[in-house]
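Each remark here refers to the structure printed beneath this line.
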Amino acid sequence: MSLTSAATLATLDRTGPRRITDLAAVEGVTQPAMTALVRVMEKSGLVERRGDASDKRVTLVCLTEAGASYVRTRRQAGVHAFERLIGELTGDEVEALVAALPALKHLAELESQDREGPKQ
């Protein structure tokens, strides 16, 4: 799976259903590229398109249970990789990481805000 596909699934998991134009902007790709990507992920059963109850002209891309499961599995694999690597650090290095957690959390929040773009 491409990084853009994985990032798109993670965005849908984090923010809920989105328009293709919104997803394209968040992921930094063109709308035609996102449309093609969504089509591939639809065929794989990871996403589905649904109508927007508040605006019948709009179609939203939604994560399926298979897509949500993929995101959870990928995140868990990342957690296990970090656990293994952190286990190889010295006590001082672990303490330095713990001290850096507030700044790292803030960085993640800033990045998330950038990727989600302006609120609608």
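If I filter the stretch 28-59 down to residues being small (Gly, Ala, Ser) and assigned to a loop (DSSP other than H, G, I, E, B), which single residue comes out as nearest to ALA108 (Cα to Cα)? Looking at the filtered set, the residue picked out is GLY28. The residue pairs whose first member lies in the stretch 64-86 and is under 19 Å from LEU9 (Cβ atoms), whose second member is of a type in the set (Val, Ile, Thr), and whose beta carbons are closer than 8 Å, counting only pairs six or more residues apart or on different chains, are THR64/VAL47; GLY67/VAL47. Residue check, THR8 against (1) outside any helix (DSSP H, G or I); (2) polar (S, T, N, Q); (3) within 25 Å of ALA108 (Cα to Cα), all met but one. Which one? The one condition THR8 does not meet is (1).
Kindly indicate which of ALA66, ALA25 is modelled with pLDDT of 95 or more, open to solvent by 30 Å² or more (accessible area, probe 1.4 Å), hydrophobic (A, V, I, L, M, F, W, C) and not in a strand (DSSP E or B). Show your work before the answer.
Details: ALA25 fails: modelled with pLDDT of 95 or more.
Going through ALA66, ALA25 in turn, just one is modelled with pLDDT of 95 or more, open to solvent by 30 Å² or more (accessible area, probe 1.4 Å), hydrophobic (A, V, I, L, M, F, W, C) and not in a strand (DSSP E or B): ALA66.
Of the residues examined, ARG14 is one that is assigned to a helix (DSSP H, G or I) and basic (Lys, Arg).
Looking at the structure I just gave you, is THR59 under 17 Å from LEU12 (Cα atoms) and either touching a strand residue (DSSP E or B) at 6+ places or on another chain (Cβ under 6 Å) or not hydroxyl-bearing (Ser, Thr, Tyr) (or both)? Break it down stepwise before answering.
Details: under 17 Å from LEU12 (Cα atoms): yes; either touching a strand residue (DSSP E or B) at 6+ places or on another chain (Cβ under 6 Å) or not hydroxyl-bearing (Ser, Thr, Tyr) (or both): yes.
Yes; evaluated as a whole, the condition is true for this residue.
Selection of first residues in the stretch 29-55 that are polar (S, T, N, Q) and of second residues that are open to solvent by less than 40 Å² (accessible area, probe 1.4 Å), restricted to Cβ pairs under 6 Å at least 6 apart or on distinct chains, gives the following pairs, ordered by first then second residue: GLN31/ALA24; THR35/ILE20.
With respect to being in contact with a Gly (Cβ under 6 Å, 6 or more places away or on another chain) and surrounded by 15 or more Cβ atoms within 10 Å (Cβ to Cβ), VAL47 fits the description. Of all residues in the stretch 81-94, those satisfying the criterion of being in a helix (DSSP H, G or I) and open to solvent by less than 100 Å² (accessible area, probe 1.4 Å) are ALA81, LEU85, ILE86, GLY91, GLU93, VAL94.
The values are calculated or read from the model by the stated rules, or taken from the named source; none is laboratory data. Here the structure is a predicted model, which means the values were calculated and not measured. Ideal geometry is used to build each Cβ from the backbone, glycine not excepted, and the neighbour counts take in all protein chains shown. Accessible surface areas use protein heavy atoms only, side chains included; no ligands, DNA or RNA. Shrake-Rupley method; radii C 1.70, N 1.55, O 1.52, S 1.80 Å.
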